[in-house]
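First the structure, in the form of structure tokens, and then the observations on it.
No value in this document is a laboratory result; all are computed from the given coordinates. Please read these numbers as outputs of a predicted model, since none were measured by experiment. Cβ: placed from backbone, ideal geometry, glycine included. Neighbour counts: every protein chain shown.
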Amino acid sequence: MYPVMRMIKEMIKYRNAPSLPVTGTHISEHRCWPSDIDLWMELNNGRTLTLFDLGRIPLANRIGLVSVLRKEKWSLTMAGASVRYRRRIRTFEKIEMRSRAVFWDDKFVYLEQSMWKLNGECANHALYRSAITDKNGIVSPARVMKAMDLEIPSPQAPEWVNAWIEAETERPWPPMQE
């Protein structure tokens, strides 16, 4: 089940937070609740992806994207993800989440998110390929920036992001059927 109440809490909590630049980092704190765990009493890998929404949506709001989405009747969707899981997050454990846009090209915005344990260890790290869409399909990031009254070029993509993008172009779609 989607954590609707937690999302509402995050939106209320950060509604008056200072604006961020497009590449600014939104930092939020979260707790692993019993509804988030798997059979091993730790944060479920699928739930991790859902909890990352709790960082992305407030980030989008703080950079001014949410108001533009509403005005233009656009949507935000995820078009791909790569996740590394490195440390367990146990029931009731508190974590810090960091969310930011790292790069955009002619179609997609690439978002980096991570969860950090209070001892400073990174528990997991995700790279998302996101898209803004309208009734006709993908809205270019250049058009989105213009709608946000921003005239800034994309930052240079980190090499590891370029490598992931390149690997994704080699991945067959649709996947092969046996």
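Collect the residues in the stretch 101-146 that are outside any strand (DSSP E or B), in contact (Cβ under 8 Å) with a residue 40 or more places away in the chain and acidic (Asp, Glu), keeping them in residue-number order. Within the stretch 101-146, just ASP105 meets the criteria.
Among the candidates SER130, SER99, SER114, SER140, which residue alone is surrounded by 15 or more Cβ atoms within 10 Å (Cβ to Cβ) and over 17 Å from the mean Cα position of the chain (by Cα)?
Numbers: SER130 fails: over 17 Å from the mean Cα position of the chain (by Cα); SER99 fails: over 17 Å from the mean Cα position of the chain (by Cα); SER114 fails: over 17 Å from the mean Cα position of the chain (by Cα).
The match here is SER140.
Taken over the stretch 140-178, the criterion of being more than 16 Å from TYR110 (Cβ to Cβ) and of a type outside the set (D, E, K, R) is satisfied by ALA147, MET148, LEU150, PRO172, TRP173, PRO174, PRO175, MET176, GLN177. Taken over the stretch 81-126, the criterion of being within 19 Å of GLN156 (Cβ to Cβ) and either among the β-branched types (Val, Ile, Thr) or touching an Asp or Glu at 6+ places or on another chain (Cβ under 7 Å) (or both) is satisfied by ARG100, VAL102, VAL109.
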